[in-house]
């Protein structure tokens, strides 16, 4: 399969099976926005909850915040976003359309009308709005371009309320907005995106150790969500390409169907952010070591993960076609931990009340393991399996006449079908529950 | 305690103990925004997860979506927000400040400088921004003023991908933005808020039954999150005060310290929304009943809950002061289900390695029940209990020399302290785990 074809198939399946819909579709869409459907919401929530579990809740040194998207604009002056978060833009002198200068092959002629292009100008990518009743500059606020700002702005409040000891970190999941001139590649380059970010505060001398720990954690997370290690590549960003304050940056790149692109980032940002905010706000953002009585601005390690890019990497990694029973089958080989549905329960025939009743009991039993156990009694059993394959359900459980004791030695057993192989086993309900439990734990 | 005093105490505790911080505080704040701190994030997540469980995941007739905040502006024209989502505003002719006309006692004189006030004008409460490189009207987009629009816009995509049978509903949690002229009352009237909304689609003849079901569900939810029934009042909104399309609306009001105010809403919206979007977009938004072959636009029941108002109602309901050991004690009587920390484990003395080691084991054991089991070995045991009382931790577990077998008959037992009564029991670790489990299930 060609890469462009794979991408089309993923986008099509995502829409058809309720993962991701184009934003505002009935109104002709809105560039750079997508909506998660019923299956996509669950997949995304599973990714986010796993991240919270691994990056925040399983650690005593991590604290959560959930800061507002609208912040005092001075934050983005101090962070450098007001002056520097921009793309070079050229305008066609004939049709007045604007383009990213760095995306054009021909820097002279307009790709739409052939007109002459003007000089490149910097275009700030932050969305601007106005708070309050006045529409003047004094009321300008920005939609945050990254969640990190909301973490740094709350550093003092977290220290004052939680009294954490260094090293410690603050974690946040939330929306960020970037007015991309050319949003593209499905949910890869969006105008509205979700981020999962940690700012981990350390003694300056401890940065390398913390950097290595988070680097390992990011690989563990890739594994947990089902992104294979051989598709993830660490790019050591050379000094000339790093932000001036960063002493080390690794881009985690993924082999997307449209090329190897940045998935996540890990950066050692020194004390740049806290120092900049301390200077600009006048707030005391240093940390007092109670043992040594030393007072200093902590240094920062930042593991930054995009939710939507992660979801796309998961879908791209999981998409499969094979031959089953002489037909082409499409399935998503999702890690059971992130699959939107953990198992589907089905009576072999829907018009046999005794099968239906037993199947309902089995489903209730399996829902004690996990609530996301689907029900399907529609059409023949092969079609039901195919429908679950397409949304990545790892197991299908079928209740038939043997379950009811047609062959007495099989009474109480069910069929457990495995998504990837299509193979089936005969098991007790308790054994089936154990299989599901151990797959998602 | 006076109500204004209670409100001050809640705001102060929320900040001091890491529940809610003023937004952008180090930069002097941003009116109408607040940030959730480490304890607040957990409380809010617990509320949202409980809502997802009760309103979405435990039901086969419910589907989730997560739509973008930025939508095609035509949606808000069709919904009536562009023309009608506004507040009356007056401007002082002297100092040029603007005020909500309906919030002024004196309609003639400016409350700030005493100048004359002009006539009231309608001020649209939607935040406006521009998408793309052009800052003209063609690129104007709004921050959504409610999450409901993202549900209606996805009705067709959900029907086409999930093939649901009526009645069914779509649920969503997300941010909404309202450019309030006078944000106030802590996290009650915000410019940036979170909503939990359901649009439940029914046959026109079934609306009353569905309305009653959701009404009951909302009361169950109040109970589950620890909002006492006697503080929740149903206000049957009379016809003249309802939106023109609504045939019935109930406001669920709560006795906040600053008065009885709207907490949640439940409305029967007829087919107003889907019809408006079908007309404006040209999309087919009717439902085909496969049995009767009847095609019609479903009617809608909308249970709408504000996350931040719910959190505030929980905090206001839970705030308590009593006398304990001759001192005034402050505690939050939070429902264990929503409490940010389920239990705290503590060695009686931190300088006795055998106590610390045993306490670590006990904590690991209790974390099998729930990960949110805190550790505290700082200061005397009474102070540790008080710290947990203030954040609403239902249980404290203390490991002492009896745990280690100083009195052989008590070996392996721990002290379990109950937050509200301050009473203590001697239990085995397994019994303590059971107490915690049954309190949060």
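The values are calculated or read from the model by the stated rules, or taken from the named source; none is laboratory data. Just so it is clear, the model here is predicted, and its values are computed rather than measured. With ideal geometry, Cβ positions are generated from the backbone for all residues, glycine too; neighbour counts draw on all protein chains shown.
Below is a table of values for the structure above.
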item	result
Matching option when the condition is more than 30 Å from residue B:341 (Cα to Cα) and under 19 Å from the mean Cα position of the chain (by Cα), among A:55, A:34	A:34
Any hit, the stretch A:42-56, residues being buried (at least 17 other Cβ atoms within 10 Å of the Cβ), within 29 Å of residue B:125 (Cβ to Cβ) and touching a residue at least 24 places away in the same chain (Cβ under 8 Å)	no
Any pair with Cβ under 7 angstrom, 6 or more apart, that starts in the stretch B:283-307 at a residue that is at positive phi and ends at one that is at pLDDT below 95 and part of a strand (DSSP E or B)	none
Every residue from the stretch B:179-197 that is within 11 Å of chain A (Cβ to nearest Cβ) and touching a residue at least 60 places away in the same chain (Cβ under 8 Å)	B:180, B:181, B:182, B:183, B:187, B:190, B:191, B:192, B:193, B:194
Unique match (being crowded, with 20+ Cβ neighbours inside 10 Å, out of contact with any strand residue (DSSP E or B) (no Cβ under 9 Å at 6 or more places or on another chain) and touching a residue at least 24 places away in the same chain (Cβ under 8 Å)) among B:343, B:335, B:359	B:335
Hits in the stretch A:184-210 - residues which are surrounded by 22 or more Cβ atoms within 10 Å (Cβ to Cβ) and over 17 Å from the mean Cα position of the chain (by Cα)	A:199, A:200, A:201
Residue B:363 being at pLDDT 95 or above, within 14 Å of chain A (Cβ to nearest Cβ) and under 19 Å from residue B:42 (Cβ atoms)	yes
Among (1) buried (at least 19 other Cβ atoms within 10 Å of the Cβ); (2) more than 26 Å from the chain's Cα centre (by Cα), the one test that residue A:379 misses	(1)
Residue match in the stretch A:89-107 (condition: in contact with a helix residue (DSSP H, G or I) (Cβ under 8 Å, 6 or more places away or on another chain) and within 11 Å of another protein chain (Cβ to nearest Cβ))	yes
Subset tally (residues that are touching a strand residue (DSSP E or B) at 6+ places or on another chain (Cβ under 8 Å) and farther than 30 Å from residue A:369 by Cα) for the stretch A:289-320	12
Top-ranked residue of the stretch B:273-288 - restricted to ones that are buried (at least 20 other Cβ atoms within 10 Å of the Cβ) and more than 12 Å from every other protein chain (Cβ to nearest Cβ), ranked as farthest from the chain's Cα centre (by Cα)	B:287
Members of the stretch A:392-402 found to be farther than 20 Å from residue A:333 by Cα and surrounded by 24 or more Cβ atoms within 10 Å (Cβ to Cβ), listed by number	A:399
Qualifying positions in the stretch B:27-64 - at the interface with chain A (Cβ under 8 Å from one of its Cβ atoms), farther than 28 Å from residue B:387 by Cα and part of a strand (DSSP E or B)	B:63, B:64
Unique match (being over 24 Å from residue A:199 (Cβ atoms) and touching a strand residue (DSSP E or B) at 6+ places or on another chain (Cβ under 9 Å)) among A:42, A:56	A:42
Selection from the stretch B:290-304 of residues that are loosely packed, with under 13 Cβ neighbours inside 10 Å and either part of a loop (DSSP other than H, G, I, E, B) or in contact with a helix residue (DSSP H, G or I) (Cβ under 6 Å, 6 or more places away or on another chain) (or both)	B:290, B:291, B:292, B:293, B:294
All positions within the stretch B:108-122 that are within 13 Å of chain A (Cβ to nearest Cβ) and surrounded by fewer than 17 Cβ atoms within 10 Å (Cβ to Cβ)	B:118, B:121, B:122
Residues of the stretch A:382-391 classified as buried (at least 22 other Cβ atoms within 10 Å of the Cβ) and either in contact with a helix residue (DSSP H, G or I) (Cβ under 6 Å, 6 or more places away or on another chain) or closer than 17 Å to residue A:414 by Cα (or both), total	2
Given (1) modelled with pLDDT of 95 or more; (2) under 18 Å from residue A:146 (Cα atoms), number of the condition residue A:45 does not satisfy	(2)
Some residue of the stretch B:68-90 being buried (at least 21 other Cβ atoms within 10 Å of the Cβ) and over 29 Å from the mean Cα position of the chain (by Cα)	yes
Residue in the stretch A:361-374 that is farthest from residue A:339 (Cα to Cα), counting only those that are out of contact with any helix residue (DSSP H, G or I) (no Cβ under 6 Å at 6 or more places or on another chain) and not in a loop (DSSP other than H, G, I, E, B)	A:361
Residues being over 26 Å from the mean Cα position of the chain (by Cα) and not in a loop (DSSP other than H, G, I, E, B) - total across the stretch A:387-420	13
Residues (more than 9 Å from chain B (Cβ to nearest Cβ) and free of Cβ contacts under 8 Å to residues at least 24 places away in the same chain) located in the stretch A:129-162	A:136, A:137, A:138, A:139
Members of the stretch B:9-20 found to be surrounded by 24 or more Cβ atoms within 10 Å (Cβ to Cβ) and facing chain A (nearest Cβ under 7 Å), listed by number	B:18
